[in-house]
Amino acid sequence: MSRRYKIKSEEYAGIGDVIEGGHQVIPIVSADDDESTDVKIPGVIPILTLRSSVLFPGAITPITVGREKSMKLVHDVDQSGGILGAVLQHEHSLENPAPKDLHSVGTAARILKILEMPNGNLTVILHGLGKIEILEYITSEPYLRASVLPIRDTSPVKDDVEFGALVDSIRDIALEIIDISPGMPKEASFAIKNIDSRRGIINFICTNFELKDADRQKLLEAPGLLARARKLLEILLNEQQLVELKNDIQGKVKQEIDKQQRDYYLRQQISTIQEELGEGSTDEADKMRERAKTKKWSAAVAEMFEKELAKLERLNPSVGEHSVQTSYLQVLLDLPWNEITEDNLDLARARTQLDKDHFGLDEVKDRILEHLAVIKLKGDLKSPIICLYGPPGVGKTSLGKSVAEALGRKFGRISLGGLHDEAEIRGHRRTYIGAMPGRIIQTIKRAGSSNPVIILDEVDKVGRGNHGDPSSALLEVLDPEQNTTFHDNYLDVEYDLSKVLFIATANDISAVNPALKDRMEMIDIPGYLLEDKVRIAQEHLLAKQRSAHGIPDDALTISDASFEKVISEYTRESGVRLLDKHIAKIARHRAKQIGFGEEYTADISTADVEKILGVPKYLRDEYEVGGIVGVVTGLAWTQVGGDILYVESILTPGKGELHLTGNLGDVMKESATIALEWVKAHHEALGIDPEKFKTMDINIHVPEGAIPKDGPSAGITMVTSIVSSYTGRRVRERIAMTGETTLRGRVMPVGGIREKILAAKRAGITDIILSEDNRKEISEIRPEYVAGMNFSFVRSNDDVLALALEN
């Protein structure tokens, strides 16, 4: 709709068209200097409630009407040619205002025109006739009706000097506001210049200027035209100052904005407003300064903090550097400078806590208890830096939590696996976008104390890339002589790490930087033995899974034999992760039985294990040979524990060549060659015909050819097998051996004795042949694990043959 309605009347002056649509509408005012006296206002009139507009006497104003009651009122009054009262409601959001929600003073008005809008609302052109006071509301249906009392605004005499000066000042200030306000229509300036009526100019400005509804209502309620003029002048002066301030702000901001900074336009305005009001970042800086008073940092750090805080106060909050500086100071304040937790020096409690969480690991526990004991005696001690190395799943990482609980310290963990950027350790310099402290400082900040227990997990898997060597950065962290003054690039100030208890973990120590390895106490955590795993399962894992699945203690028990079956036939691991999963599966099976109300026996038998877990995945190591020529039982060490292996040899017609099979490594092949050469050199003492070395080939095989095998520990086993084949002497039953041999026939010590001995016991072997130099390892094995076994300690191959071969 684009038709335009014009109101023509000789009694009205000014400009402005009432336009249907979205065009600018400038209200028209009466040309008379007095209120209309020829219109009699009835004692009871309908009341039109206004959300956000105030109608003044003499003004012609468009009002949007959308409420059903109001629309009915407008149509009824228009048809009857009557008069209505326009009254402002207190709260703009009220949809159906009651009499108590309306102001008591309004304006009587006549409807000049009704425009129907596309959205269903009405735009009503009202002519304000005179001010009224609501005496009493008569009815609220179908719309409000009230008894009213006309109020006549008292006018000053025509030659009143004060009133004339007030009107002139109002006119001038209004024209200036229109001139400097980009949002005001310039046509309004033309209208003001052409209104001669003093009452008209005042009411026009009250109606047309952007004033608050509360201010407009106060203007309407003013007792007389002189009081209204005074109040209007006060409001216009404030408006003029506000517009000038806005323009000044926009001018300042505009000078700072370029093409790259247009996105920050609104923030710059807010910033400038804060500066004009004396606000800005002062409050934030004051809060930081108060927090700084509680920090226990050194004088050097305090001086540096105050310097950086002063820099923050000089920065404009809208520039990017302000947020960077704020983040830096927050990090300084969040760090626990010299704030430490008190160690729990109850050694008995610490031992109980460590034993409760982890089985075995005696060397690590003893080292922690030694540290506590020294602190208890001396009162202070630099924390040791320990590296736990061993196969996966044996509890290296979880041990750190137990140590923290035993000491009463906070705990943090840093995963170093795959780390290839030095800045991850030392932090980034603040000149970089997105800079942050290194992981060491971040972990201490999260812990909230300067003496936490921090696990440096997988230190052997630190990478090396184009951004430096992280393992070299760790040298400063893990050196007790240097970490008292650790320098983080982001902090750019020294931080004391000497009170932090670092515990590093690794699987392969050969991959650890030698200089880094030299700074740490290396503690080997070997894989758990079958016997250890049974203890762990009974004392820790079973109770854990019963609790996790809500099973009563007396509803699920597992015997040692059943655990041994699970461990030996369903797992091949150094730790107990897979064992824990199998126990969880058994617990779920029992939970299902309880849930369905099935009958069951609390104890899980070995048959139940196979029924629940399925067909065994691995064969148990059982002694299978005895009294056979050329077949000797050896002992081997693997990542998942000890094992037994068989060395078989046989003679075949040939040219005296040595054939080796079974996927053997270079060291093991060399051991076979050394064994054969020693036998050839001592053929007379051994009773071997030398012609056999020329006419017979010797074939040596180690079963399970798919599995790679290497190492020198099968040396004496090969010597025994070769001699048995050449002499035809049988190997004694239930006997096994391990040891390295030399060309001189000396038996050398080997490693992994504990694992090998327990593997032999599980296989049913009763007699073990070891090097004399391995005697000390036997004393370190728990007596109950080696009960019923006989150990023979030898120094030469002759001693081995005397014990292993029948006459």
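The values are calculated or read from the model by the stated rules, or taken from the named source; none is laboratory data. Only a predicted model underlies this, so the values are computations on that prediction, with no experimental measurement involved. Glycine also receives a Cβ, built like all others from the backbone with ideal geometry; neighbour counts cover every protein chain displayed. Only protein heavy atoms, including side chains, enter the accessible area calculation; ligands, DNA and RNA are left aside. Shrake-Rupley method; radii C 1.70, N 1.55, O 1.52, S 1.80 Å.
Quick notes
- Cross-link partners of Lys295 among lysines (Cα-Cα below 17 Å; sequence separation of 8 or more within a chain): Lys287, Lys307, Lys445
- Relative contact order of the chain, defined on C-alpha pairs under 8 angstrom at six or more residues apart (%): 7 percent
- Summing +1 for each Lys or Arg and -1 for each Asp or Glu among the other residues whose beta-carbon sits under 13 angstrom from that of Leu126 gives +1.
- Reach of Lys585 by Cα under 26 Å, taken over lysines that are not fewer than 8 positions away in the same chain: Lys356, Lys396, Lys533, Lys544, Lys565, Lys611, Lys617
- Helical mean residue ellipticity (222 nm; -39500 (n - 2.57) per DSSP H run of 4+; nearest 500) of the chain: -12500 deg cm²/dmol
- R0 of 45 Å, Cβ-Cβ distance Thr606-Lys680: FRET efficiency to nearest 0.05: 0.35
- Solvent-accessible surface of the chain, averaged per residue with a 1.4 angstrom probe and all protein chains in place: 49 square angstrom.
- Dipole of the chain, positive end: most advanced residue of Val44, Ala350, Asn203 [Cβ charges, Cα centre]: Val44
- Cβ charges +1 (Lys, Arg) and -1 (Asp, Glu), total dipole of the range 387-447, debye: 260 debye
- Note on the chain: Cα-Cα pairs beyond 48 Å make up 57% of the total pair count.
- Taking amide H as placed 1.01 Å from N in the peptide plane, Ile628 has its amide H under 5 Å from the amide H of Val731, each at least 5 places away in sequence or on another chain.
- Distance from the alpha carbon centroid of the range 693-712 to that of the range 324-359 works out to 56 angstrom.
- Most to least packed among 549-562, 353-366, 492-505 [average Cβ atoms within 10 Å]: 492-505, 353-366, 549-562
- Scoring 446-456, 69-79 by mean Cβ neighbours within 10 Å over their residues and listing the highest first yields 446-456, 69-79.
- Extents of the range 44-165, taken as max minus min of Cα coordinates on every principal axis and listed largest first, are 49, 31, 30 Å.
- Net dipole in debye of the chain [+1 Lys, Arg Cβ; -1 Asp, Glu Cβ; about Cα centre; nearest 20]: 800 debye
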